[in-house]
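One structure is given here, and the rest of the page talks about it.
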Amino acid sequence: MDGRRLRQGRGDAPGARGGRRGVEGAMDGGKRLLRVCEVLIGLFLAGAAFLYILCGENSHIAVHDNLDLFVAQYQMLREQGSFFSQGTASLFLGGISRDVLPSERSLTGLIYWLLPPFAAYITLYFVKIGISIAGFWLLTRELLTKGRSGEEAGSVSKPEEPFSDSAKAIALLGGFAYGILNVFPAYGICFASIPLYVWLMIRLYRVGSGENGHGKERMRSRVRGELPYLAGLFAYPFVSYFSYFGLFLLAYSVLDILWMWIRDRRLPLRLVAGTAAMAVGCVFFEYRLFRTMLGGGAVTIRETMVQNDFTPAQVLGEIGDVFVSNIFHADGVQKKLILPVCAFYFVFLNVRYVVRGQGKRIFHDLYNLIALLLGFNVAIYGLYDFRPFRTMVERLVPPLKGWQFNRTIFFSPFLWYAAMTLIALRLMSAAGRRKSRAAAAGAILLPMLSAALVLATPNTYNDLNATLRGAVKEKMQGQMTDDLSWREFYSPELFAKIREDLGYSSGNLDSTLGTPQQEAEEQFGDLERDMHTDNPLDGTADDPAAWTASARAVAEQGFQASGATGTDWAVAYGLHPAVLEYNGIATLDGYLGFYNQSYKDVFRAAIAPALDRRPASEVNFDAWGARCYLYSGDEDGIVQAVRHYQTISSQIAIDGTALRDMGCRYLFSRIRLTNAAEKHLYLRGEWSDETSPYTIYVYELK
């Protein structure tokens, strides 16, 4: 054999060494890029942890739908030791069942059980980021490998190494950017785990597709391959929540099954099994929710809430608004960067397909599927407020009555960041093929800048930003922000002192029997069913008198609590009831989107004088009612979580007799009331503490 040909056969042909060096250089560059990304993310995590450790409970944490809601609920469970209890009453809304509070069979609940509330809250922030990164990493790796057909899944890219270090870097950055989104904190883990669910379903569908063998051995091999993913889907509700996410994931899965059944003319049994495993897991992990929904029989405020009735023009406007900016609970911060980039790429991609005569590929491109789902989500959100559409859906699927099926919008942040990551992966692939440094730089800068915008945007739930700004203002300018820190909002030292001085007792709440919530349902449950079961309020949105028909009937009959539990029930005025609940004080008021209509009507009798004088407050309570609060008769915003409390009135508008008959003993107020005596309120004392911005006036009803 010719020596020269032998050397060529061994790879020593002219240019071979240079080509090898180019490949090795690209691999080294990818490794360096991955390490840089890992270091940057590590530095961020260390810096964020240091800030929260430094500030501790002086950190500025969002109040709205957060400290005033779920954090207090978890603390109530700790206070009562009722995380795992059955049949017990809770410390709010007149002793509502513990079953309406979050399940103990969840990662979030487990962490709140193991750690003090603030430590649990901060821990969950970092866990959320970790889950998001893991989900994006696994999903990206899966989509960059070959599917059952041997074609590149979704045409993500065509790299020589399916999951190269450069692709890993982009997956890491994409998962990080999505993980730090400042979405609804109570459900941060649920948002972060969406890519994990998608990965589990894809893996289940693909597993064993390339196996050899015959008969029973092949079947056993497939079963062994499928079991881990079926188990993962069964356990998935541990990191999700049925009402906000699980139901919709199941619905998306059913639609996917139907589509693949039609496309392939064969039922995708693995996906059916995976969806069934997820459904069973939802029932197992959220058994309290299903027990409440299926075993109650009571009319709840979900069934009597008056929904919007928008015109077609208003619906289109709302669709446009949420597409651009989303809602604050699911703020994807896509408006400034991700949306323009994604819109440009959408046009570029599909115009290129048309120009090249490849129009059919438009319908098979993964990016277009993501765009379709984004459009679907915002369309459902807008159409939910169009009464004819909502009524049609609720008649076709009766269990959806009263259920906010417009929460499809909660999945849009994931889709935006999946689209952004996909663009970055394709840019990196193009950079490798064309040796373009500009494309490579764009692939990395896109997720990096997206993450930077998330951190810099001071939206509702950007606790890190708020804490940093608060610390800088205090240390550098010597000024305190008007927003309250965690410790100031709850003021545990102050309320511990008040409880001790009052000799406060929360009574025996080991059962719901004898609580105002249970007794209201026992007395008025049949009345509510008669008035609301066959006469849903959704069709009477323009008739405010219909909203209060049952409340008027309840007020005419009157209500008298037995006081059987021995609980010193209280209400809050000028501050959130969650402050009392967090500190172990049982309240008749509270914030919850699911409680009995009978209790709402009983409570309304006590606040009717204020509602009669403030139309906006009246609509808020009668048409919604989740915030079962005391209202002012002179202004709409009496509850203020601020340092410098301001009010235009020192009088309270309540029916003191009705409040006393509910079993109320104490009223905790930020205002010294000038008409207390005429409302049967007698001042027990005034309390303040150097650790708290509050001055609390405690009145007793007699």
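Output the residue which, of all residues in the range 467-479 that are part of a helix (DSSP H, G or I) and small (Gly, Ala, Ser), is nearest to the chain's Cα centre (by Cα).
Taking the range 467-479 first, the residues part of a helix (DSSP H, G or I) are 467-477.
This time we only want the ones that are small (Gly, Ala, Ser), so: 470-471.
Numbers: GLY470: 25, ALA471: 27 Å.
Out of the qualifying residues, it is GLY470.
Just to verify a result, which residue in the range 27-76, among those that are aliphatic (A, V, I, L, M) and under 21 Å from ILE585 (Cα atoms), is surrounded by the most Cβ atoms within 10 Å (Cβ to Cβ)? Give the derivation first.
Here is the first cut: in the range 27-76, the ones aliphatic (A, V, I, L, M) are 27, 33-34, 36, 39-41, 43, 45-46, 48-49, 51, 53-54, 61-63, 67, 69, 71-72, 76.
Then drop every residue that is not under 21 Å from ILE585 (Cα atoms), which leaves 63, 67, 69, 71-72, 76.
Numbers: VAL63: 19, LEU67: 23, LEU69: 20, VAL71: 25, ALA72: 28, MET76: 23.
Here the answer is ALA72.
Return yes when ILE585 is under 19 Å from ASP636 (Cβ atoms) and open to solvent by less than 10 Å² (accessible area, probe 1.4 Å) and no when it is not. Spell out the reasoning first.
Working: under 19 Å from ASP636 (Cβ atoms): no; open to solvent by less than 10 Å² (accessible area, probe 1.4 Å): yes.
For ILE585, the condition - under 19 Å from ASP636 (Cβ atoms) and open to solvent by less than 10 Å² (accessible area, probe 1.4 Å) - is not met.
Condition (residue is open to solvent by less than 40 Å² (accessible area, probe 1.4 Å), under 30 Å from MET293 (Cα atoms) and touching a helix residue (DSSP H, G or I) at 6+ places or on another chain (Cβ under 8 Å)) applied to the range 612-621: is it met by at least one residue? Before the answer, list the steps.
Restricting attention to the range 612-621, the residues satisfying the condition of being open to solvent by less than 40 Å² (accessible area, probe 1.4 Å) are 617, 621.
Those left that are additionally under 30 Å from MET293 (Cα atoms): 617, 621.
Remaining after also requiring touching a helix residue (DSSP H, G or I) at 6+ places or on another chain (Cβ under 8 Å): 617, 621.
Yes, the range 612-621 contains a residue that is open to solvent by less than 40 Å² (accessible area, probe 1.4 Å), under 30 Å from MET293 (Cα atoms) and touching a helix residue (DSSP H, G or I) at 6+ places or on another chain (Cβ under 8 Å).
For ARG390, all conditions in the list (1) within 25 Å of the chain's Cα centre (by Cα); (2) open to solvent by 30 Å² or more (accessible area, probe 1.4 Å) hold save one; what is the number of the exception?
Among (1) within 25 Å of the chain's Cα centre (by Cα); (2) open to solvent by 30 Å² or more (accessible area, probe 1.4 Å), ARG390 violates only (2).
Please determine, by comparing only the residues of the range 171-187 that are aliphatic (A, V, I, L, M) and over 19 Å from ARG426 (Cα atoms), which one is surrounded by the most Cβ atoms within 10 Å (Cβ to Cβ). Let's see the steps before the verdict.
Narrowing the range 171-187 to residues aliphatic (A, V, I, L, M): 171-173, 177, 180-181, 183, 186.
The next check asks that each one be over 19 Å from ARG426 (Cα atoms); those that pass are 180-181, 183, 186.
Working: ILE180: 24, LEU181: 28, VAL183: 26, ALA186: 21.
Among residues in the range 171-187 that are aliphatic (A, V, I, L, M) and over 19 Å from ARG426 (Cα atoms), the one surrounded by the most Cβ atoms within 10 Å (Cβ to Cβ) is LEU181.
Condition first: under 14 Å from TYR381 (Cβ atoms) and open to solvent by 40 Å² or more (accessible area, probe 1.4 Å). Now tell me which residues in the range 288-310 satisfy that.
Here is the first cut: in the range 288-310, the ones under 14 Å from TYR381 (Cβ atoms) are 307-308, 310.
Once the filter is applied, which keeps residues that are under 14 Å from TYR381 (Cβ atoms) and open to solvent by 40 Å² or more (accessible area, probe 1.4 Å), the range 288-310 yields ASN308, PHE310.
Counting just the residues of the range 589-644 that are more than 28 Å from TYR694 (Cα to Cα) and β-branched (Val, Ile, Thr), which one comes out modelled with the highest pLDDT? Outline the logic, then answer.
Our first condition is that a residue be more than 28 Å from TYR694 (Cα to Cα); within the range 589-644, this holds for 594-602, 605, 612, 615, 619, 622-624.
Then keep just the ones that are β-branched (Val, Ile, Thr); that gives 602, 619.
Details: VAL602: 97, VAL619: 92.
That would be VAL602.
Would you check which residues across the range 550-575 are exposed (fewer than 15 other Cβ atoms within 10 Å of the Cβ) and within 21 Å of ASP526 (Cβ to Cβ) and list them?
Result: ARG552, GLU556, GLN557, GLY558, GLN560, SER562.
Go through (1) free of Cβ contacts under 8 Å to residues at least 40 places away in the same chain; (2) assigned to a helix (DSSP H, G or I); (3) of a type in the set (Asp, Glu) and name the single condition GLU104 misses.
Among (1) free of Cβ contacts under 8 Å to residues at least 40 places away in the same chain; (2) assigned to a helix (DSSP H, G or I); (3) of a type in the set (Asp, Glu), the lone unmet condition for GLU104 is (2).
Filter the range 644-677 down to residues that are part of a helix (DSSP H, G or I) and touching a helix residue (DSSP H, G or I) at 6+ places or on another chain (Cβ under 8 Å), then give me how many there are. Give the derivation first.
Filtering the range 644-677 for residues part of a helix (DSSP H, G or I) gives 656-661, 677.
Cutting the leftovers down to touching a helix residue (DSSP H, G or I) at 6+ places or on another chain (Cβ under 8 Å) gives us 656, 658-659.
Total satisfying the criteria: 3.
Given the criterion assigned to a helix (DSSP H, G or I), crowded, with 21+ Cβ neighbours inside 10 Å and among the polar types (S, T, N, Q), identify the matching residue among THR421, THR408. Talk me through it step by step, then tell me what you get.
Working: THR408 fails: crowded, with 21+ Cβ neighbours inside 10 Å.
When all the criteria are applied, what remains is THR421.
Based on what the data block shows, is LEU453 in a helix (DSSP H, G or I), touching a strand residue (DSSP E or B) at 6+ places or on another chain (Cβ under 7 Å) and either of a type in the set (A, V, I, L, M) or surrounded by fewer than 17 Cβ atoms within 10 Å (Cβ to Cβ) (or both)? Before the answer, list the steps.
Values: in a helix (DSSP H, G or I): yes; touching a strand residue (DSSP E or B) at 6+ places or on another chain (Cβ under 7 Å): no; either of a type in the set (A, V, I, L, M) or surrounded by fewer than 17 Cβ atoms within 10 Å (Cβ to Cβ) (or both): yes.
Criteria not met by LEU453.
Six or more apart or on different chains, Cβ under 7 Å: which pairs go from a residue in the range 358-384 that's closer than 17 Å to PHE414 by Cβ to one that's of a type in the set (Phe, Trp, Tyr) and open to solvent by 60 Å² or more (accessible area, probe 1.4 Å)? Could you list them?
What qualifies is ALA371/PHE346; VAL378/PHE323.
Which of (1) of a type outside the set (Phe, Trp, Tyr); (2) surrounded by 20 or more Cβ atoms within 10 Å (Cβ to Cβ); (3) in contact with a helix residue (DSSP H, G or I) (Cβ under 9 Å, 6 or more places away or on another chain) is the odd one out, the single condition ASP634 does not satisfy?
The number of the failed condition is (2).
For PHE376, all conditions in the list (1) part of a helix (DSSP H, G or I); (2) crowded, with 20+ Cβ neighbours inside 10 Å hold save one; what is the number of the exception?
(2)
Scan (1) among the β-branched types (Val, Ile, Thr); (2) closer than 30 Å to PHE363 by Cα; (3) open to solvent by 20 Å² or more (accessible area, probe 1.4 Å); (4) at pLDDT below 95 for the single condition VAL207 breaks and write down its number.
If we test VAL207 against (1) among the β-branched types (Val, Ile, Thr); (2) closer than 30 Å to PHE363 by Cα; (3) open to solvent by 20 Å² or more (accessible area, probe 1.4 Å); (4) at pLDDT below 95, just (3) comes out false.
For the range 686-694, indicate whether the set of residues that are closer than 19 Å to GLY584 by Cα, open to solvent by 50 Å² or more (accessible area, probe 1.4 Å) and either in a loop (DSSP other than H, G, I, E, B) or hydroxyl-bearing (Ser, Thr, Tyr) (or both) is non-empty.
Yes, the range 686-694 has at least one match.
Using the structure shown, decide if PHE83 is assigned to a loop (DSSP other than H, G, I, E, B), in contact (Cβ under 8 Å) with a residue 40 or more places away in the chain, under 30 Å from TYR666 (Cβ atoms) and not small (Gly, Ala, Ser). Quick ask: steps written out before the conclusion?
Details: assigned to a loop (DSSP other than H, G, I, E, B): yes; in contact (Cβ under 8 Å) with a residue 40 or more places away in the chain: no; under 30 Å from TYR666 (Cβ atoms): yes; not small (Gly, Ala, Ser): yes.
Considered against the rule, which asks whether it is assigned to a loop (DSSP other than H, G, I, E, B), in contact (Cβ under 8 Å) with a residue 40 or more places away in the chain, under 30 Å from TYR666 (Cβ atoms) and not small (Gly, Ala, Ser), PHE83 comes out as no.
Wholly within the range 234-341, which helices (runs of 4 or more DSSP H) include no fewer than the required count, namely at least 3 residues that are of a type in the set (Val, Ile, Thr) and touching a helix residue (DSSP H, G or I) at 6+ places or on another chain (Cβ under 7 Å)? Don't jump to the end; show me each part of the working.
Details: elements: 247-264, 269-285, 287-295, 301-304, 312-325.
Result: 269-285, 312-325.
Can you tell me which of GLY593, GLY625 is crowded, with 21+ Cβ neighbours inside 10 Å, within 25 Å of the chain's Cα centre (by Cα) and assigned to a loop (DSSP other than H, G, I, E, B)? Working first, answer last.
Values: GLY593 fails: crowded, with 21+ Cβ neighbours inside 10 Å.
Selected residue: GLY625, the only one of GLY593, GLY625 that is crowded, with 21+ Cβ neighbours inside 10 Å, within 25 Å of the chain's Cα centre (by Cα) and assigned to a loop (DSSP other than H, G, I, E, B).
Among the listed residues ALA343, ALA313, ALA371, ALA276, which satisfies the condition of being surrounded by 18 or more Cβ atoms within 10 Å (Cβ to Cβ), of a type outside the set (Phe, Trp, Tyr) and more than 27 Å from ARG98 (Cα to Cα)?
On the way: ALA343 fails: surrounded by 18 or more Cβ atoms within 10 Å (Cβ to Cβ); ALA313 fails: surrounded by 18 or more Cβ atoms within 10 Å (Cβ to Cβ); ALA276 fails: surrounded by 18 or more Cβ atoms within 10 Å (Cβ to Cβ).
Of ALA343, ALA313, ALA371, ALA276, the one residue that is surrounded by 18 or more Cβ atoms within 10 Å (Cβ to Cβ), of a type outside the set (Phe, Trp, Tyr) and more than 27 Å from ARG98 (Cα to Cα) is ALA371.
Listed here are the residues, each with its yes/no results for (1) within 30 Å of THR421 (Cβ to Cβ); (2) open to solvent by 10 Å² or more (accessible area, probe 1.4 Å); (3) part of a loop (DSSP other than H, G, I, E, B); (4) at pLDDT below 95.
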| site | (1), (2), (3), (4) |
| --- | --- |
| LEU445 | yes, yes, no, no |
| LEU449 | yes, yes, no, no |
| ASN465 | yes, yes, no, no |
| THR481 | no, yes, yes, yes |
| PHE489 | no, no, no, no |
| LEU494 | no, no, no, no |
| TYR504 | no, yes, yes, no |
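Looking only at the range 24-76, how many residues end up being under 30 Å from ALA441 (Cβ atoms) and among the acidic types (Asp, Glu)?
Of the residues in the range 24-76, 3 are under 30 Å from ALA441 (Cβ atoms) and among the acidic types (Asp, Glu).
I need the full set of residues from the range 65-102 which are of a type outside the set (Gly, Ala, Ser) and at positive phi, in order please. Steps first, answer last, please.
Going through the range 65-102, the residues of a type outside the set (Gly, Ala, Ser) turn out to be 65-71, 73-80, 83-84, 86, 88, 91-93, 96, 98-102.
Passing the criteria: ASP65, LEU93.
Do any residues in the range 559-581 that are of a type in the set (S, T, N, Q) have Cβ atoms under 9 Å from those of residues that are part of a strand (DSSP E or B), where the two are at least six apart or on different chains, and which pairs are they?
Once the first residue is of a type in the set (S, T, N, Q) and sits in the range 559-581, its partners that are part of a strand (DSSP E or B) give THR565/ALA89; THR567/ALA89; THR567/ARG665.
The values are calculated or read from the model by the stated rules, or taken from the named source; none is laboratory data. Computed from a predicted model, the values in this text were never measured in an experiment. All Cβ positions, glycine included, derive from the backbone under ideal geometry; neighbour counts span all protein chains shown. These area figures cover heavy atoms from the full protein model, side chains too; ligands, DNA and RNA do not enter into them. Shrake-Rupley method; radii C 1.70, N 1.55, O 1.52, S 1.80 Å.
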